[in-house]
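The values are calculated or read from the model by the stated rules, or taken from the named source; none is laboratory data. The structure presented is a predicted model; accordingly, all values stated were derived computationally and were not measured. Every residue, glycine among them, receives a Cβ derived from its backbone with ideal geometry; neighbour counts consider all protein chains shown. Keep in mind that these areas ignore ligands, DNA and RNA; they rest on the heavy atoms of the full protein, side chains included. Shrake-Rupley method; radii C 1.70, N 1.55, O 1.52, S 1.80 Å.
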Amino acid sequence: MSVSGLSRSAPRRVGLLGGTFDPVHIGHLRGALEVADILALDELRVVPNARPPHRGQPRVSPEQRLAMVQLAVQGVSPFQVDGRELLRERPSWTIETLEAVRAELATDDQLFLLLGWDAFCGLPGWHRWSELLWHCHIIVLQRPDADSEPPDALRNLLAARAVSAPAALHGPAGQIAFVWQTPLAVSATQIRQLLASGKSVRYLVPDAVLAYIEAHGLYREPN
């Protein structure tokens, strides 16, 4: 076959899931895996925050949270761990992570930022939030029990950028889609409270993460 007859490979589809992961648990992982399947992602990067600007400091060190995330997704496709935010000596701004990841991708590769409903509703308070869609599509992970209303700034954005379903997303960036999540009533706060009171968190976190928490005596002090 001549060079001109060779077909160009399809654009890659890369997802980003950020968070403190303090600790990472099955709610994070199951929800992310569902989205990876729906979007047919080639890669889903889990990005632990070092110093999240919108919430309190995590209970354990960045290195420990990174280790737990690595253990949680080891050998599970299409998960990968991206530790770039842990290298920053200042708060983790999502826009800077998006700019850095976008620079590593081909022009027509699709980049998807996964956000929970609460995080999405808080976007107007994020650093340079209006620039996010220059670099990615936003996938809002909406649970059936989400009952808050988005602020006016987001209503205008949704009117202009939302599509009917994830399958309707096109191009490398610029649109918003919603994905309904299987409700899993699990939270990192709940897990920390259970551990602080000496109770088991088995089946709420992956076994490898539980073993790491126990080996290092994490979260034993009350919140």
From the set of residues in region 53-69 that are open to solvent by less than 60 Å² (accessible area, probe 1.4 Å), closer than 15 Å to Ile213 by Cβ and part of a loop (DSSP other than H, G, I, E, B), which is modelled with the lowest pLDDT? Pro58
Condition test on Arg155, is it in contact with a Cys (Cβ under 8 Å, 6 or more places away or on another chain), of a type in the set (D, E, K, R) and outside any strand (DSSP E or B)? no
Selection from region 152-164 of residues open to solvent by 40 Å² or more (accessible area, probe 1.4 Å), aliphatic (A, V, I, L, M) and within 22 Å of Arg12 (Cα to Cα) yields Ala162
Can you name every residue in region 165-182 that is open to solvent by less than 40 Å² (accessible area, probe 1.4 Å), closer than 17 Å to Leu33 by Cα and within 16 Å of the chain's Cα centre (by Cα)? Ala177, Val179, Gln181
Between a first residue in region 208-220 that is over 13 Å from Leu195 (Cα atoms) and free of Cβ contacts under 8 Å to residues at least 12 places away in the same chain and a second residue that is among the polar types (S, T, N, Q) and open to solvent by less than 40 Å² (accessible area, probe 1.4 Å), which pairs have beta carbons less than 9 Å apart while being 6 or more apart in sequence or on different chains? none
Within region 114-121, does at least one residue satisfy the condition of being more than 23 Å from Thr20 (Cβ to Cβ), of a type outside the set (Phe, Trp, Tyr), touching a residue at least 60 places away in the same chain (Cβ under 8 Å) and surrounded by 12 or more Cβ atoms within 10 Å (Cβ to Cβ)? no
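If a residue must be open to solvent by less than 90 Å² (accessible area, probe 1.4 Å) and either at negative phi or in contact with a Pro (Cβ under 8 Å, 6 or more places away or on another chain) (or both), how many such residues does region 201-223 contain?
Of the residues in that region, 13 qualify.
So if I check each of Ala50, Ala36, which one is at pLDDT below 95 and buried (at least 19 other Cβ atoms within 10 Å of the Cβ)?
Working: Ala36 fails: at pLDDT below 95.
It is Ala50.
With the requirement that a residue be in contact with a Gly (Cβ under 8 Å, 6 or more places away or on another chain), part of a strand (DSSP E or B) and free of Cβ contacts under 8 Å to residues at least 60 places away in the same chain, what does region 122-139 give you?
Once the filter is applied, which keeps residues that are in contact with a Gly (Cβ under 8 Å, 6 or more places away or on another chain), part of a strand (DSSP E or B) and free of Cβ contacts under 8 Å to residues at least 60 places away in the same chain, region 122-139 yields only His137.
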Candidate set from region 70-100 (those that are touching a His at 6+ places or on another chain (Cβ under 9 Å) and assigned to a helix (DSSP H, G or I)); member that is farthest from Gln193 (Cα to Cα): Glu99
